[in-house]
Amino acid sequence: MMNDWKKKKAAIYLRRSKGEGGSTKAQLERIRKQVNALVKAGKIQKVDFGIVGKDIDKKVFWGISDGRGYGTLDPFNEAIITTQLMWAGEGKKQETGKAISALDAKLDRGFITSRLKAQFLGSGTKNEGLDYRRFWRIAQGYGENDKGNLNSPTVVGREFKQDHTWAKNTYQMMKEWNSVMVKDDLTALDAWFNTVDAVNEFIANQPSPYNKVNYKSGPVQNLISNSNGFINYPAGFSASDKYKQASKEFITFPYPLDFSFQELAMTNKPQIEIPGWAVQRVPISKSEKENLLKYQTQFRSGK
């Protein structure tokens, strides 16, 4: 069908919903780079950004899939297209609302979609069951350079079958967690060590003799999901700016060892079924967020 469109003219259709800020001109500028890239790649011919109007001929918009024209003075066609555009906008609003609700539900359960910052027994990762306490002892023994980074990260990483980047980042993460207290006598790092050790013990004590089978079992997956927030952010965190609600909050998760692992393993609704289990979400100002530690935020790697 695309062959039928060879040598045909087409327009870039820019549309702003009612109440949407900005301008169509600004929208055009935002996509100019992408359009030029398509031209350079030979996927489309040169676009004349100087032509502005209803369409190339200043008369009609045509739908490629349904063949309906907008601007043809056919009230039936125009009514259908207007309705389609309106409901498309409403559909996007509902999708956004559902995404926000889903995030809130995950947060309130203590689950954050993120790569786990612990390689548990049976997980199948490169270094499952890694002795993180040993890593911390060895890294501290090597100390830091003048910039506050781990000395000899290549040597330390090799000890754990990892590269220098892993060693450097893991040390920095643990150093930051070690500077935050989660209880009067417990740093976030020590609480994290305790949690990782306890989860590994729980996995090893499951009925199957194979850790890989145990790890995939329902009870273990429930336990990890309900502890996920704390495992990833034992010192608390503030979500990235793409999460409009959560980005303005500082969120802390329950310390898993304050609760029964058997109870955490038998439910996916700890906030409802386990007394005293609750995720704390408090407002945070822009300046307070800027002063958070790196590993208290959903930073993007490479920045």
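Below, the figures for the structure above:
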item	result
Residue in region 97-104 that is among the polar types (S, T, N, Q), surrounded by 14 or more Cβ atoms within 10 Å (Cβ to Cβ), modelled with pLDDT under 90 and assigned to a helix (DSSP H, G or I) present	no
Test: residue in region 208-231 that is assigned to a loop (DSSP other than H, G, I, E, B) and of a type in the set (A, V, I, L, M)	no
Cβ-Cβ under 6 Å pairs, at least 6 apart or on other chains, region 149-163 side on the phi > 0 side of the Ramachandran plot, far side part of a helix (DSSP H, G or I)	S152/Y142
Enumeration of residues in region 164-185 that are among the hydrophobic types (A, V, I, L, M, F, W, C) and without any contact (Cβ under 8 Å) to a residue 60 or more places away in the chain	W166, A167, M174, M181
Residue list for region 232-246, restricted to those being assigned to a loop (DSSP other than H, G, I, E, B) and over 12 Å from the mean Cα position of the chain (by Cα)	Y233, P234, A235, G236, K244, Q245
Residue in region 255-263 that is farther than 23 Å from S179 by Cβ and within 16 Å of the chain's Cα centre (by Cα) present	no
Close pairs from region 109-123: first without any contact (Cβ under 8 Å) to a residue 60 or more places away in the chain and under 23 Å from A204 (Cα atoms), partner of a type in the set (S, T, Y) and surrounded by fewer than 16 Cβ atoms within 10 Å (Cβ to Cβ), Cβ under 8 Å, at least 6 apart	Q119/T125
Residue that is modelled with the highest pLDDT, among those in region 259-303 that are part of a loop (DSSP other than H, G, I, E, B) and among the basic types (K, R)	K269
Qualifying positions in region 176-197 - closer than 20 Å to N228 by Cβ and assigned to a loop (DSSP other than H, G, I, E, B)	V180
In region 272-289, the residues that are farther than 25 Å from F193 by Cβ and either under 21 Å from the mean Cα position of the chain (by Cα) or surrounded by 10 or more Cβ atoms within 10 Å (Cβ to Cβ) (or both)	I272, E273, R281, V282, P283, I284, S285, K286, E288, K289
Given (1) closer than 25 Å to D190 by Cβ; (2) in contact (Cβ under 8 Å) with a residue 24 or more places away in the chain; (3) in contact with a helix residue (DSSP H, G or I) (Cβ under 8 Å, 6 or more places away or on another chain), index of the condition K269 fails	(1)
Hits in region 145-175 - residues which are in a helix (DSSP H, G or I), over 16 Å from A118 (Cα atoms) and of a type outside the set (S, T, N, Q)	P153, V155, V156, R158, E159, H164
R133 basic (K, R) and touching a residue at least 24 places away in the same chain (Cβ under 8 Å)	yes
Some residue of region 118-136 being surrounded by fewer than 16 Cβ atoms within 10 Å (Cβ to Cβ) and either aromatic (F, W, Y) or outside any loop (DSSP other than H, G, I, E, B) (or both)	yes
Filter pass, V213 being of a type in the set (V, I, T), at pLDDT 95 or above and crowded, with 17+ Cβ neighbours inside 10 Å	no
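The values are calculated or read from the model by the stated rules, or taken from the named source; none is laboratory data. Here the structure is a predicted model, which means the values were calculated and not measured. Because the Cβ atoms are built from the backbone with ideal geometry, glycine has one as well, and the counts that use them run over all protein chains shown.
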